[in-house]
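Colleague: Below are the structure tokens for one structure; questions will follow.
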Amino acid sequence: MADLVENRSASWQPRELEELLEGVQQNYEVLWGKLSGTLSKKDKDRAWSDIVQS
């Protein structure tokens, strides 16, 4: 099965990865927090959207 795995080139540039990680770190509590009355799926979606747009 290992023979079937192809080596793929990275689809992310190093700077893009740094920006992604920075956004995730800044929004960690929202992204991985438990859904509750104060944290909704909409909040999580908004955080991901903000990260992607930056």
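Colleague: Return the only residue of 39, 21, 31 being surrounded by 12 or more Cβ atoms within 10 Å (Cβ to Cβ), among the hydrophobic types (A, V, I, L, M, F, W, C), modelled with pLDDT of 95 or more and assigned to a helix (DSSP H, G or I).
Modeller: On inspection, the qualifying residue turns out to be 31.
Colleague: Can you run down the residue pairs with Cβ atoms below 6 Å, 6 or more apart or on separate chains, where the first is in segment 15-29 and within 11 Å of residue 51 (Cβ to Cβ) and the partner is part of a helix (DSSP H, G or I) and modelled with pLDDT under 95?
Modeller: Close Cβ pairs (under 6 Å, with a partner that is part of a helix (DSSP H, G or I) and modelled with pLDDT under 95) amount to 23/51.
The values are calculated or read from the model by the stated rules, or taken from the named source; none is laboratory data. No experiment lies behind these values; they were computed from the predicted model shown. Counting neighbours? That spans all protein chains shown, and the Cβs are built from the backbone with ideal geometry, glycine included.
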